[in-house]
Amino acid sequence: MKHLILGTAGHIDHGKTSLVKALTGVDTDRLPEEKARGITIELGFAHLSLPGGIEYGIVDVPGHERFVRTMVAGAGGMDVVMLVIAADEGVMPQTREHREICQLLGVKKGVVALTKSDMVDPEWLAMAAEEVRDYLKETFLEEARVIPVSSRTGEGLDLLKEELARLAGDVPEKKGSGLFRLPVDRVFTSAGFGTVVTGTLLSGEMQLGDEVEILTSGLPGRLRGIQIHGKKVERAGAGQRVAANIQGVDHDEVRRGDIIAPRGAYAPTRTVDVRLQLLPSAPKELRHRSSIRLHSATYEVTAQAILLDRDLLKGGEETFVQLRLAHAVLLLPGDPFVIRSYSPPVTIGGGTVIDPAPPRRRRRTAEALALLAALHGGSDEEKASLLIGEGAYSGVGRDELEQRSGLPPKRLEAALAKLLSSGVIVQAVREPRIFLSRQPFDELKEILLAQLASFLQANPLKTGMGKEELKSRLPKRCDQRIFPSLLNALEKEGRGVVERDLVKLPAHKASGNAASGPLLAQVGQLLLQGGTEPPTTRDLGEKLKVREKEILDVMHLLAREGRAVKVKNDLFYAPEHLSLLRNQLTAHLRAAQEISPGEFRDLTGLSRKFMIPVLEYFDQEKVTIRIGDRRRLRKTAE
């Protein structure tokens, strides 16, 4: 079964709705106002089955110029257009605008139904058909068949169905892979069910029970029911007209223009880079920073057009433009759109989305224009490489790459594999996967080395720099999750050494400078004089009139040289005095098996201020093992 969307297009009162009814038996004008006024105001829907397993969902659009925004909402999912032109009037203003909208939205195939053929004589009908063919030259409908039909008599309907069946063979179905998107074109309530939305499924597959999200509000819901052409189904695929019953959302919380999508799958945006074409028929040029109305899928949003390489876009020209939107919407690479002016309110152009989540770009920069050119028509490797390069020191995550490049997962993975193997990029974080270009990754390594060298020069008594402190020296715009990869790379290159929480330079050794030499001697002498109850770092600082931090630096240097032993953060011993305490303790334990803190105090003469830290130090050094309030000699120390 092949599922496609057939959309009508054409001027008001040219018989679009009557033709749909003649083809399907369904009157798509369902509103009392539509029946009273005899014109289509809202989108109408019908279903047409043709031989060969072809299923057309039909979207009937209004033809009045006041309802063009509704027409655009219906045209968003078209695969085939049925351009309806009345034989007695010929090509009219909305004929032209609807045809331009379809072309801008990427519709490739269609047929022309020359309606009301029974109301004109054969000669007039032939002239009308020739006029239509002349009008369609150099458009996407240049080769389209023009078929005279009469909704009243049924003349030409069989030929029209045959042509629709033939066209179906030339049109590919929408992407069935990937995540689904259902743009909402209608919302209503159904007794006993609640909120129901309808739309054309643009991609992917939705299934009963799926957890969904209403974008852009972010409201969560669940698919309670799915119908296609009035029949209940378990799942719906891309290209089908769908009615979805959403549980957990009130009908007044959803509106036309919203998108139903898997929960948490997509990120709406307020800035997009696009390739924009201004129609030759546009009444005036598009100026930099002009305000326009953007239409895509089923929504409309006000936007400001930032022309990236010029100040003025003339009719018939196209260029790269950044659109800054009044509110967030969901757009993906390759999505078609239409823009309309405020005054006069007419369609003036359209194009496709290139980057749905770009930074705010500086105008007239070669780098930005090169990136957009690659995203528009470059290879997969070019797209991925340039996007990662744009991430600079922060890098770009794999999910962001997929969203912004528009590449399917398999193609993106293949491109990343090639770039990694050639060394063009680096995977800097394993989970979530974050990539950097080689140049900024190498620059960050040099920044770390420079910061480390500067720190050690300013702190000659230190052998290294703390990891966290070094990480804090990364540029602010750098993602700090990259830090471990930078350290690993420096170690592999032999330019950095990581020992526990310290980062060192391979050839660096701490040394006292001229100013610290006397201090080293003073501190060492005071430790020796202190015996088994040496002064703390605070005591030493107060005695020597030196900051405690500087005393700590000296202590650590003495410890590295074997002239001091750290018992706790602010307490260091001369090695010989600590060795004396150890010998006293081990001798006692060999004889008595165990010792209490009080017994250790009596044995050594230490006050509680020193006794407890020393006992805990011997526990830590695996000399003793604590059992309750008593210590025993470890076997390894016997």
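Before moving on, here are some points about what is shown:
- Count of residues meeting criterion [over 18 Å from Asp250 (Cβ atoms) and in contact with a Gly (Cβ under 9 Å, 6 or more places away or on another chain)] in the stretch 200-223: 8
- Scope the stretch 329-359; condition hydrophobic (A, V, I, L, M, F, W, C) and under 19 Å from Gly406 (Cα atoms); matching residues: Val329, Leu330, Leu331, Leu332, Phe337, Val353, Ile354, Ala357
- Some residue of the stretch 223-238 being within 26 Å of the chain's Cα centre (by Cα) and at pLDDT 95 or above: yes
- Members of the stretch 404-428 that are closer than 22 Å to Val274 by Cβ and either touching a strand residue (DSSP E or B) at 6+ places or on another chain (Cβ under 6 Å) or surrounded by 18 or more Cβ atoms within 10 Å (Cβ to Cβ) (or both): Arg404, Ser405, Gly406, Leu407, Leu412
- Scanning the stretch 246-270 for residues that are part of a strand (DSSP E or B) and surrounded by fewer than 20 Cβ atoms within 10 Å (Cβ to Cβ) yields Gln247, Pro262, Arg270.
- Looking only at the stretch 527-577, and only at residues there that are under 57 Å from the mean Cα position of the chain (by Cα) and of a type in the set (Val, Ile, Thr), the one that is nearest to Met611 (Cα to Cα): Val567
- Every residue from the stretch 44-94 that is more than 15 Å from Val107 (Cβ to Cβ) and assigned to a helix (DSSP H, G or I): Glu65, Arg66, Phe67, Val68, Arg69, Thr70, Pro93, Gln94
- Among the conditions (1) charged (D, E, K, R); (2) over 22 Å from Gly15 (Cα atoms); (3) without any contact (Cβ under 8 Å) to a residue 40 or more places away in the chain, Asp170 misses just one, which is (3).
- Criterion (crowded, with 16+ Cβ neighbours inside 10 Å, outside the structural domain of Leu526 (by TED's automatic domain parsing) and either over 30 Å from Glu548 (Cβ atoms) or of a type in the set (D, E, K, R) (or both)) met by exactly one of Leu633, Leu581: Leu633
- Between Val567, Val623, Val614, the distinction of being assigned by TED's automatic domain parsing to the domain that holds Gln522 and not basic (Lys, Arg) belongs to Val567 only.
- Among (1) among the polar types (S, T, N, Q); (2) buried (at least 16 other Cβ atoms within 10 Å of the Cβ); (3) in a loop (DSSP other than H, G, I, E, B), the one test that Gln277 misses: (3)
- Within the stretch 326-344, not a single residue is outside the structural domain of Gly76 (by TED's automatic domain parsing), basic (Lys, Arg), under 21 Å from Gln439 (Cα atoms) and surrounded by 18 or more Cβ atoms within 10 Å (Cβ to Cβ).
- Entry remark, the stretch 482-497: residues being touching an Asp or Glu at 6+ places or on another chain (Cβ under 9 Å) and not in a helix (DSSP H, G or I) number 1 in total.
- The single condition from (1) at pLDDT below 80; (2) farther than 21 Å from His229 by Cβ; (3) in a loop (DSSP other than H, G, I, E, B) that Thr40 fails is (2).
- Residues that are surrounded by fewer than 21 Cβ atoms within 10 Å (Cβ to Cβ) and aliphatic (A, V, I, L, M) within the stretch 227-242 comprise Ile228, Val233, listed in sequence order.
- When the stretch 454-481 is filtered for residues that are in a loop (DSSP other than H, G, I, E, B) and over 26 Å from Arg433 (Cα atoms), the ones remaining, listed by number, are Asn459, Pro460, Leu461, Lys462, Thr463, Gly464.
- Subset of the stretch 345-367 [within 24 Å of Pro408 (Cα to Cα), crowded, with 21+ Cβ neighbours inside 10 Å and of a type in the set (Gly, Ala, Ser)]: Gly351
- Count - residues of the stretch 609-630 that are part of a strand (DSSP E or B) and surrounded by 11 or more Cβ atoms within 10 Å (Cβ to Cβ): 4
- Among residues of the stretch 107-140 being buried (at least 18 other Cβ atoms within 10 Å of the Cβ) and touching a Phe, Trp or Tyr at 6+ places or on another chain (Cβ under 9 Å), the one that is nearest to Ala297 (Cα to Cα) is Val107.
- Evaluation of Leu490 against (1) under 25 Å from Val614 (Cβ atoms); (2) not assigned by TED's automatic domain parsing to the domain that holds Arg632 (one fails), failing number: (1)
The values are calculated or read from the model by the stated rules, or taken from the named source; none is laboratory data. Bear in mind the structure is a predicted one, so any value in this text is a computation, not a measurement. Note: ideal-geometry Cβ built from the backbone for every residue, glycine included; neighbour counts use all protein chains shown.
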